[in-house]
Amino acid sequence: MITISFYDTKPYDKEYFNLINEQYGFTINYFETKLSARTAKLAEGSDAVCAFVNDDVSAPAIDALDKLGVRLIAMRCAGYNNVDIRYAEGKIPVVRVPAYSPHAVAEHAMALLLTLNRRIHKAFLRTRDFNFSLNGLTGFDLHGKTIGVIGTGKIGAAFIDICRGFGTRILAYDVFRNNEWVEYVDLDTLLKESDVISLHCPLNPSTRHMINAKSIDKMKKGVFIVNTSRGALINSEALLYGLLNEKIGGACLDVYEEESELFYEDNSTAIVKDDILTRLICLPNVIVTSHQGFLTGEALTNIAATTLENISEFFADGSLDNQTLLENSKKLI
């Protein structure tokens, strides 16, 4: 019987993994705590661990798991910037879920953009108090605007399809020009001409802080920035400064570079000491959600199915079809 230690567990994880596990019969030990070198000891006696985006899968954690005899690390997500891939190679193989529902994330990106632009969240709160004033709720037509999409993989491509329905001009930047229906341009051109910029690329050394003070200076005044990928694609201090000096017209964030100790948890009674995040959330032209772009029933089903199939195949015949590899982590986008 294969035993899996499941870290950073939420109720929806249990629901969908238990449902899919009916066909596998694995023993799954669910832990609410995140994986780290300190908490790795909870995996004692386990054959595999299942980790998520904010777990710490660094060298010390990998060493601790290796000493316990853990044979596989199964990430239940597409990104793996929180995994020390170089260190893991030759010790414990790491697998992931390369695609679960690109539409879920793409649709959430558009939902954020529409909500902030048309002030839907503010209108909702007003009308709950029977305040039907329209003052301060003016947005802009998306039709005819230029939307810059950075990263045209499956999620970026799905977002582009949505944008086409609004009658927008679409500019794209990606090292791999894999969409023949898109107008590809260099990054500077995209930054200069876009009314909205949406990020759909992985986080690696080449993309970290790709949105920074210099890149913001190249953007149009009043540009909207959407990020549903990884928080550290954006330099948060530069973003805040751009919002405060009104260079940036709005920011739609489902991710934040220092989110690991905050997102997915109820901090409503705590004093949040991250000054940048607290200032961002207080701004009227910023909307923040808690890394929930993936949170649809379809995506959760696919995540559970692929994760457990990855584990099943590995322990059946050593297959690693969805293994994370060092060369892949070096790709720009």
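Within the range 110-122, residues that are of a type in the set (Ser, Thr, Tyr) have Cβ atoms under 6 Å from residues that are in a helix (DSSP H, G or I) in these pairs: THR115/HIS121, counting only partners at least 6 apart in sequence or on another chain.
Kindly establish whether THR152 is of a type outside the set (A, V, I, L, M, F, W, C), within 19 Å of the chain's Cα centre (by Cα) and within 26 Å of ILE211 (Cβ to Cβ). So THR152 fits the description; yes. Residues in the range 59-82 include at least one that is within 30 Å of HIS200 (Cβ to Cβ), small (Gly, Ala, Ser), crowded, with 22+ Cβ neighbours inside 10 Å and modelled with pLDDT of 95 or more.
If only one of THR168, THR138 is among the β-branched types (Val, Ile, Thr), closer than 20 Å to PHE224 by Cα and open to solvent by 40 Å² or more (accessible area, probe 1.4 Å), which one is it? Steps first, please.
Values: THR168 fails: open to solvent by 40 Å² or more (accessible area, probe 1.4 Å).
Checking each option against the conditions leaves just THR138.
For THR146, the conditions (1) open to solvent by less than 50 Å² (accessible area, probe 1.4 Å); (2) modelled with pLDDT under 95; (3) not hydrophobic (A, V, I, L, M, F, W, C) are fulfilled apart from (2).
The selection criterion, being in contact with a strand residue (DSSP E or B) (Cβ under 8 Å, 6 or more places away or on another chain), open to solvent by less than 30 Å² (accessible area, probe 1.4 Å), free of Cβ contacts under 8 Å to residues at least 40 places away in the same chain and not aromatic (Phe, Trp, Tyr), holds for ILE225.
Of all residues in the range 257-283, how many are in contact (Cβ under 8 Å) with a residue 60 or more places away in the chain and small (Gly, Ala, Ser)? The total comes to 1. Taking strands (runs of 3 or more DSSP E) as the structural unit, those lying wholly within the range 215-333 and holding at least 2 residues that are more than 20 Å from LEU187 (Cβ to Cβ) correspond to 248-253, 286-288.
Of all residues in the range 1-23, those being open to solvent by 60 Å² or more (accessible area, probe 1.4 Å) and not aliphatic (A, V, I, L, M) number 6.
For the range 148-175, what are the residues that are in contact with a strand residue (DSSP E or B) (Cβ under 8 Å, 6 or more places away or on another chain) and within 17 Å of VAL105 (Cα to Cα)? Full working, then the answer.
The initial filter retains those residues of the range 148-175 that are in contact with a strand residue (DSSP E or B) (Cβ under 8 Å, 6 or more places away or on another chain), namely 148-152, 156, 159-160, 163-164, 168-174.
Result: GLY148, VAL149, ILE150, GLY151, THR152, GLY156, PHE159, ILE160, CYS163, ARG164.
The values are calculated or read from the model by the stated rules, or taken from the named source; none is laboratory data. Values in this document were obtained by computation on a predicted structure and should not be read as measured data. Every residue, glycine as well, gets a Cβ built from its backbone with ideal geometry; the counts of neighbours run over all protein chains shown. Please note that ligands, DNA and RNA were not included when accessible areas were found on the heavy atoms of the full protein model with its side chains. Shrake-Rupley method; radii C 1.70, N 1.55, O 1.52, S 1.80 Å.
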